[in-house]
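Reviewing the structure listed below.
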Amino acid sequence: MIVAEKNKIAEMAENLSGLNAVDGRSLWADARRRFMHNKAAVVSLMVLTLIVLFSFVGPYFAVWSNEEIDWAVMGSAASKGMPSFQTGHFFGTDDLGRDIFSRVVQGTQVSLMVGVVGAFIAVLVGTLYGAVAGYVGGRTDQIMMRLVDILMAIPFMFVLILMLVVFGRSIGMLFIGIGLLAWLDMSRIVRGQTLSIKNKEFIEAARAAGVSSFKIITRHIVPNLLGVVAVYATLLVPGMILTESFISFLGLGVQEPNTSWGALISEGAGTIRYDTEWQLLFPLAFFVVSLFCFYFIGDGLRDALDPKDR
Amino acid sequence: MSNETIMKVEDLKVYFKVMPAGAMPWTKHHVLKAVDGVSFDLKAGETLGIVGESGCGKSTLARGVIRLIPAESGKVLWLGKDLLELDHKEMRARRQEVQMIFQDPLASLDPRMNIGEIIAEPIKTHHPETPKAEIKKMVEEVMVKVGLLPNLVNRYPHEFSGGQCQRIGIARALILKPKLIICDEPVSALDVSIQAQVVNLLKELQEEMGLALIFIAHDLSVVKHISTRIMVLYLGNMVEIADSADLYDRPRHPYTQALISAVPIPDPLIEKNKELILIKGDLPSAINPPSGCVFRTRCPKAQDICAAQKPEFKDTGNGHLVACHFHD
């Protein structure tokens, strides 16, 4: 009976050989579909895209560059520097007469870059470190994870501030500082996931087939981790932006003439007593809306990628 | 079928180190004897069935043989070479001759890969220079061979049923044309009609390609159907090994007798009047196995000598080996 069936299948296969192969729906495609059904996440993604576009296209609309000083406004920002289309200061000016619109565009670029680059470093280092520790296991795992524990026990804000003071305040230093510390959490999460994946039968199947450990990590473990990593990374970006803002708020982060959301908010907050609330509100609005977007996207990704919610 | 012995396992032992609950780092670990001195040989084209209750070391034995789990001692001679002494590189090269099929069909396929990639993985690993078109052709051939439509290559494992997933697993094992396939309970997770299909498929492929199989199961009727010889394991020890029919008709070890009496017969009249040998108690712990014969704590025939002396393997004729002081 089976033989007959097999002949039939061979026959069918021949008939079908003219047809194209059926496209399957991968787990990624499924996740994308679920993500697209999540309205908050999709709207957030669109808003965020607009903000990113704004940071690149904004300078072409600006009347004033971020370094120009409007001498007419300088010193009397409260009365002459308010947002207006006539003067070309769409978001108003600061006390020195610099255009807030251009400054926000620049701050958006810097803040998003800090967030994305920081998260990227964290994802790259954390994923590889965690996957290796989890897959190799045993003593290697013990040593690698204890090292993470030790690094985690160091008060990181304190170290970051010290680094900025000792090595000078530069944006490169900020990247290194934030990125190097943010991978710790990532490596722990990835290690935990790796432990659960490594005991699945498909890993054993790959080992039985003779696939090398390195290939198993890159071909089987990392792709199966990416769901968790993607979710965590989107939630990491706002964390990075917040940290950078806090450091800049303290006056240690981004230095003039560069600026960031944190630095702008800090300046705006400092002058709020003089009736120049636009100096605070515009950067703050960008900051809050972006963070909301990141969190909603992170939530949407988690719902889309979480296998238990299927 | 040639009668050449392709695999000879001698006194294989697989031990695990287990830390007792609440152990301190300096506490001495316990030793769990998962497989304790198993020997058998396997001829080309033959099927060796391995049966035993849960936790008796069936799967550990299979993994120990192909070094997925490190063995404590013993020898695994594969075509005359001891697999346990090969270095990693040589071992990896040998792996293309011995493939494995797993219990959970879906879990044994990477959910992020489509089945074309899954089936092609062994070729890409062992023969990375193979051109893409040829790989595609080989994948299609092997898919037809296991009864899958080749136009499904771009689908993902979660789009298939359990039986189909097992066929994909078999296709992956077959693509390198191995000499031996180790089947670790390949049908336990499938329902009965699909079990029959998969077992028959394996049998048919075996005849076609001259494969040897090591077939692990806890379902005796399935094992009987496919095996030429059957080995019974109990607590990591071999209890009896014999030709399939011989073992069924004349089980000599009390444990085997009990196992076979427990197989349901699909005839209510016979089933009703059948004498059922019940074994009392649970499987003892492999960390602290009974002295002498490991089965003595539950054996209806146990006497003093069973505790004192471990029974030797005795040939009772026709290659029917049994380890019992009082075998029938």
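List of remarks:
- Each Lys or Arg adds one and each Asp or Glu takes one away; over the other residues whose Cβ falls under 14 Å from the Cβ of B:K43, this sums to -1.
- Taking only Cα atoms of region A:216-310, radius of gyration then Dmax in Å: 18.2, 62
- Shape class for region A:128-206, computed from the alpha carbon gyration tensor (a ≥ b ≥ c): prolate, with a/c not under 1.5 and a/b above b/c.
- Volume per residue of the C-alpha convex hull in the protein assembly as shown, rounded to whole Å³: 221
- For region A:185-237, the equivalent ellipsoid derived from the Cα gyration tensor has semi-axes of 24, 10, 8 Å, listed largest first.
- Inter-chain shielding of B:137-147 (mean C-beta neighbours from other protein chains, 10 Å cut-off): 2
- For region B:105-161, the C-alpha radius of gyration divided by 2.2 N^0.38 Å, with N the number of residues, is 1.09.
- Dividing the Cα radius of gyration of chain B by its Kirkwood radius returns 0.99 for Rg/Rh.
- For region B:168-228 versus region A:193-210, the spacing of their alpha-carbon centroids is 21 Å.
- Inter-part distance where region B:56-87 and region A:229-276 are each reduced to a Cα centre, Å: 60
- Among B:179-188, B:121-130, B:30-39, the peptide with the highest mean count of other Cβ atoms within 10 Å heads the list, and the full ranking is B:179-188, B:30-39, B:121-130.
- By average C-beta atoms within 10 angstrom, highest first, the peptides B:135-145, A:124-134: A:124-134, B:135-145
- Around the Cα centre of region B:191-328, unit charges on the Cβ atoms of Lys, Arg, Asp and Glu (plus for the first two, minus for the last two) sum to a dipole of about 540 debye.
- Put in line by how crowded their Cβ is, counting other Cβ atoms within 10 Å and starting with the fewest, A:R146, B:R63, B:R92 read A:R146, B:R92, B:R63.
- Beta bridges per DSSP with both ends in the protein assembly as shown, % antiparallel, nearest 5: 60
- A compact globular protein would have a Cα radius of gyration near 2.2 N^0.38 Å; the ratio found for region B:55-148 is 1.28.
- Region B:95-218 - Debye-derived log10 I(q)/I(0), Cα point model, q = 0.14 Å⁻¹: -0.54
- Restricting the calculation to Cα atoms, chain A yields a radius of gyration followed by a Dmax of 25.7, 95 Å.
- Highest mean packing comes first when the peptides A:212-223, A:288-299, B:306-317, B:264-275 are listed by Cβ atoms within 10 Å, giving A:288-299, A:212-223, B:306-317, B:264-275.
- Too-long pairs where the Cα-Cα distance tops 26 Å, listed order kept, from B:K203/B:K310; A:K200/B:K13; A:K200/B:K124; A:K215/B:K89; A:K198/B:K58: B:K203/B:K310
- Take each residue in B:151-160, count the other chain C-beta atoms within 10 Å of its C-beta, and the mean is 5.
- Per residue, the convex hull around the alpha carbon atoms of region B:1-87 comes to 106 Å³.
- Grouping the Cα pair distances of region A:191-272 into 10 Å bins from zero gives a pair-distance distribution of 16, 28, 16, 15, 15, 8, 1 percent in increasing distance order.
- Shielding of A:196-204 by partner chains, average beta-carbon count, 10 Å: 5
Read-outs throughout are calculated quantities, based only on the coordinates presented, and are distinct from any laboratory measurement. Keep in mind that this is a model prediction, so the values were computed, not measured. With ideal geometry, Cβ positions are generated from the backbone for all residues, glycine too; neighbour counts draw on all protein chains shown.
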